[in-house]
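Each remark here refers to the structure printed beneath this line.
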Amino acid sequence: MPTKTLPTNGRFELMPLPFEPDALEPVISATTIGFHHGKHLLTYVNNLNGLLPGSRFEGLALEDIVRESDGAVFNNAGQILNHNLYFAQFRSPQENNAPKGILAAAIKEQFGSFEAFKEEFEKKGAGLFGSGWVWLSADESRRLVITQESGAGNPVTKGLTPLLTFDVWEHAYYLDYQNRRPAHLAALWQIINWDEIEKRYAPEG
Ligand code: MN
């Protein structure tokens, strides 16, 4: 099961970025990071904190709120969980960036090759109509699954463990790539921190 994110004194906090705002350039600009983390994510955090007091979700872990809620609570809680996983998965651009170890082996076994996996993942991201997320998750038997989620959707609602995600809301890429969503998705592979993704896949090591 994924880690639980608990509120502090009834409130969720804006996650600190694990990198400097310009660390992902030129793949994602500091300007985009500033708006995406400092404005969009902050708004979801503030919205959820405003909705929790007196509701049946008060005191619950973020992951449980996402599983059990709908409407505005789900939309804001889902977007916080999604963005926490999204921002925590990046590091500065690296050449020939690729997974290692058991996750690399699982990708090769199920998709044929890392290249074939990337192609499938990008296709699902580019083909998602409107705003949403494409996810790589693990099921209970640790098989890998690629899913599309619209809006604030997260694979935890399907009993899956989320590993990797690309945000295809326009706010994630429009300042840097305008309408070229596929070009943005193709560039993201350079900044994936596969050590973090592997921790999500095999937290016990
Ligand atoms: Mn976003």
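The values are calculated or read from the model by the stated rules, or taken from the named source; none is laboratory data. Computed from a predicted model, the values in this text were never measured in an experiment. Here the Cβ is made from the backbone with ideal geometry for all residues, glycine too, and neighbour counts use every protein chain on show. Each accessible area value is taken on the protein alone, full model and side chains, heavy atoms only, with ligands, DNA and RNA left out. Shrake-Rupley method; radii C 1.70, N 1.55, O 1.52, S 1.80 Å.
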>> Please pick out the residue among ASN75, ASN84, ASN96 that is over 19 Å from THR157 (Cα atoms) and outside the structural domain of HIS184 (by TED's automatic domain parsing).
In response: ASN96
> For region 81-97, what are the residues that are surrounded by 14 or more Cβ atoms within 10 Å (Cβ to Cβ) and either within 16 Å of the ligand (Cβ to nearest atom) or not polar (S, T, N, Q) (or both)?
Replying inline: LEU81, ASN82, HIS83, ASN84, LEU85, TYR86, PHE87, ALA88, GLN89, PHE90, ARG91, PRO93
> Is at least one residue of region 122-138 at pLDDT 95 or above, under 23 Å from TYR44 (Cα atoms) and in a helix (DSSP H, G or I)?
Replying inline: yes
> When SER55 is evaluated against the numbered criteria (1) open to solvent by 70 Å² or more (accessible area, probe 1.4 Å); (2) free of Cβ contacts under 8 Å to residues at least 24 places away in the same chain; (3) assigned to a loop (DSSP other than H, G, I, E, B), which criterion, by number, is the only one it fails?
Replying inline: (1)
> If we keep just the residues of region 15-52 that are more than 15 Å from the ligand (Cβ to nearest atom) and among the small types (Gly, Ala, Ser), which is surrounded by the most Cβ atoms within 10 Å (Cβ to Cβ)?
Replying inline: ALA23
>> Pairs needed: first member in region 22-48, under 20 Å from TRP189 (Cβ atoms) and charged (D, E, K, R); second member anywhere, part of a helix (DSSP H, G or I) and more than 15 Å from the ligand (Cβ to nearest atom); C-beta distance under 8 Å; at least 6 residues apart or different chains.
In response: ASP22/ALA30
> Within region 63-80, which residues are crowded, with 22+ Cβ neighbours inside 10 Å and either touching a residue at least 40 places away in the same chain (Cβ under 8 Å) or within 16 Å of the ligand (Cβ to nearest atom) (or both)?
Replying inline: VAL66, ASN76, ALA77, GLY78, GLN79, ILE80
